[in-house]
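Visitor: The structure's right below; bear with me while I get my questions together.
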Amino acid sequence: MLTLYTADTPNGQKITIALEELGLPHQVHHVNLSAGEQHRPPFSEMSPNHKIPLLVDDGTPIFESGAILIHLADKAGKLLPASGAARSVALQWLFLQVGSIGPMLGQLWYFRHGAQHSMRNEQALERYGRETLRLLGVFEERLADTPYLAGDAYTVADIASFPWIRSHHELGVTLNDFPAVADWTARIAARPAVQRGLARAKP
């Protein structure tokens, strides 16, 4: 049995969606981030960075969402090509999410909602807002040519990016100027496994 330690955040939702898409039997343990459970044993002893999500497979903990997605896809033999150019393309788009989409949209969310109003930082909002729009433009250009980020096939790259992009309304960002991204978001949101995965992420 796989055990997932997670919370209802975009990074946590990635893994619950992947588990539902892959049909892998699993248990979900919700980590109360507000109560600081991520900094206390047993979670803190398994996750060096004290961040969700964390997957335990046969007693072995795996941290970092991108690494977990690759592990699960390879375990199931689905959602990620086994080798060659197709795998490389999927991994490139996966790591764009890990290295850019998550950090930039996450910072924009923080400066809009997490920082105290008296500490509102207009420079940070402008910087991260501009970078979010730039990244949406990268996705728009790609998705105008292909149905999914890695090409014709739905992969972990789409699963990784979807929870972040679907939160655009929380960031004060509209998809009106990104019709291909809006269509991609709607198509993924309609998948039954995605809907189950989003529900599983909730405490």
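Visitor: Scanning for something assigned by TED's automatic domain parsing to the domain that holds Glu170, among the aromatic types (Phe, Trp, Tyr), touching a helix residue (DSSP H, G or I) at 6+ places or on another chain (Cβ under 6 Å) and free of Cβ contacts under 8 Å to residues at least 24 places away in the same chain, does segment 89-101 turn up at least one residue?
Guide: Taking segment 89-101 first, the residues assigned by TED's automatic domain parsing to the domain that holds Glu170 are 89-101.
Checking which are among the aromatic types (Phe, Trp, Tyr) leaves us with 93, 95.
From what's left, touching a helix residue (DSSP H, G or I) at 6+ places or on another chain (Cβ under 6 Å): 93.
Checking which are free of Cβ contacts under 8 Å to residues at least 24 places away in the same chain leaves us with none.
No, every residue in segment 89-101 fails to be assigned by TED's automatic domain parsing to the domain that holds Glu170, among the aromatic types (Phe, Trp, Tyr), touching a helix residue (DSSP H, G or I) at 6+ places or on another chain (Cβ under 6 Å) and free of Cβ contacts under 8 Å to residues at least 24 places away in the same chain.
Visitor: Let me ask something else about it. Of all residues in segment 50-86, which are in a strand (DSSP E or B) and under 23 Å from Ile101 (Cα atoms)? Full working, then the answer.
Guide: Of segment 50-86, the ones in a strand (DSSP E or B) are 54-57, 60-63.
Of everything in segment 50-86, those that are in a strand (DSSP E or B) and under 23 Å from Ile101 (Cα atoms) turn out to be Leu54, Leu55, Ile62, Phe63.
Visitor: Among the listed residues Leu19, Leu33, Leu69, Leu24, which satisfies the condition of being surrounded by fewer than 20 Cβ atoms within 10 Å (Cβ to Cβ), touching a residue at least 24 places away in the same chain (Cβ under 8 Å) and touching a Lys or Arg at 6+ places or on another chain (Cβ under 8 Å)?
Guide: Leu24
The values are calculated or read from the model by the stated rules, or taken from the named source; none is laboratory data. None of the values given here were measured: they were computed from a predicted structure. Ideal geometry is used to build each Cβ from the backbone, glycine not excepted, and the neighbour counts take in all protein chains shown.
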